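The structure appears right after this line, and notes come after that.
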Amino acid sequence: MPAALLFDETARESLRQAAAVLDVAEAGGQAHQISRALTRVAVCYRGLRAMASAEAYFEAALRWARSTGATDEVVDLLCELCETTVQLSQAQESQGQGQGRAARERTRDRAFEATTLAGRVSDPGWEATALLRISDVLDRCGDHDDAALLQTRALQLMSGSLGTGGVDPNQLPSLGRLADG
């Protein structure tokens, strides 16, 4: 059996298992478990390169995570959404110039929200990781200046220098408000 077919079947089996876990979570009715199960389904769809479906499941997971008030989980899901929609925008752009604009704008909006919330996560190390993920996505969107600012902020967090003259996240001039050139 060719490796691609084996991978595809393995990914589909993972999706079936994730859907079964989602059914159990929904029957249990606990928001955190539902959010985690939806995330697992979204990751499976992303593995199958079904980015629109992955985005929809990540969005559903995000709604459930918001209901729990778990900022760390919300930031993680926003990062997952950014990573998914930037891939979606790139795939759409390969079909024609300008096709990925809407997905890229959703990416930027979510990146701005994730950046805003990152300062409220439970651990500075996790905040730095989230900022680096967002920076990577913005760089892929072509927003190199904003990406560099986030990298600087993350590096300052990792070195413990934020708060002693570091980059103020409120001073990021245009993050989330950029228009395609």
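Could you tell me how far the Cα centroid of region 74-128 sits from the Cα centroid of region 46-64, in Å?
Taking the Cα centre of each part, region 46-64 and region 74-128 sit 12 Å apart.
Which of the trypsin sites (Lys or Arg not before Pro) found in region 10-110 are in a DSSP loop and have at most 15 neighbouring Cβ atoms, other than their own, within 10 Å? Walk me through the numbers on the way to the answer.
Working: sites: Arg12, Arg16, Arg36, Arg40, Arg46, Arg49, Arg63, Arg66, Arg101, Arg104, Arg106, Arg108, Arg110; in loops: Arg49.
Answer in residue order: Arg49.
Please list, in order along region 93-109, the HN-Hα scalar couplings obtained from phi with the Karplus expression 6.51 cos²θ - 1.76 cosθ + 1.60 (θ = phi - 60°), rounded to whole Hz, x for Gly and Pro.
5, 5, 8, x, 4, x, 5, x, 4, 5, 5, 5, 5, 4, 4, 5, 4
What Kirkwood Rh does region 1-69 have if only Cα atoms enter the pairwise 1/r average? Answer in Å. Don't jump to the answer; show the numbers that get you there.
Details: mean 1/r = 0.0816 Å⁻¹.
12.3 Å is the Kirkwood radius here.
Give, as a single signed number, the net charge of other residues whose beta carbon lies under 12 Å from the beta carbon of Trp64, with Lys and Arg counted +1 and Asp and Glu -1. Display every interim value, and only then the final one.
Working: positive: Arg36, Arg63, Arg66; negative: Glu26, Glu59, Glu73.
Residues close to Trp64 contribute a combined charge of 0.
Read phi for every residue in region 69-81 and hand back ³J(HN,Hα) as whole Hz from Karplus 6.51 cos²θ - 1.76 cosθ + 1.60, θ = phi - 60°, with x for Gly and Pro.
With coefficients 6.51, -1.76 and 1.60, one gets x, 7, 4, 4, 5, 4, 4, 4, 5, 5, 4, 4, 4 Hz.
Between Ala148 and Gln17, what is the label-point separation in nm under the 7 Å Cα-to-beta-carbon projection?
Inter-label distance under the simple model: 4.4 nm.
Quick note: the coordinates plus some simple rules give every number you see, no bench work behind them. The structure presented is a predicted model; accordingly, all values stated were derived computationally and were not measured. Glycine also receives a Cβ, built like all others from the backbone with ideal geometry; neighbour counts cover every protein chain displayed.
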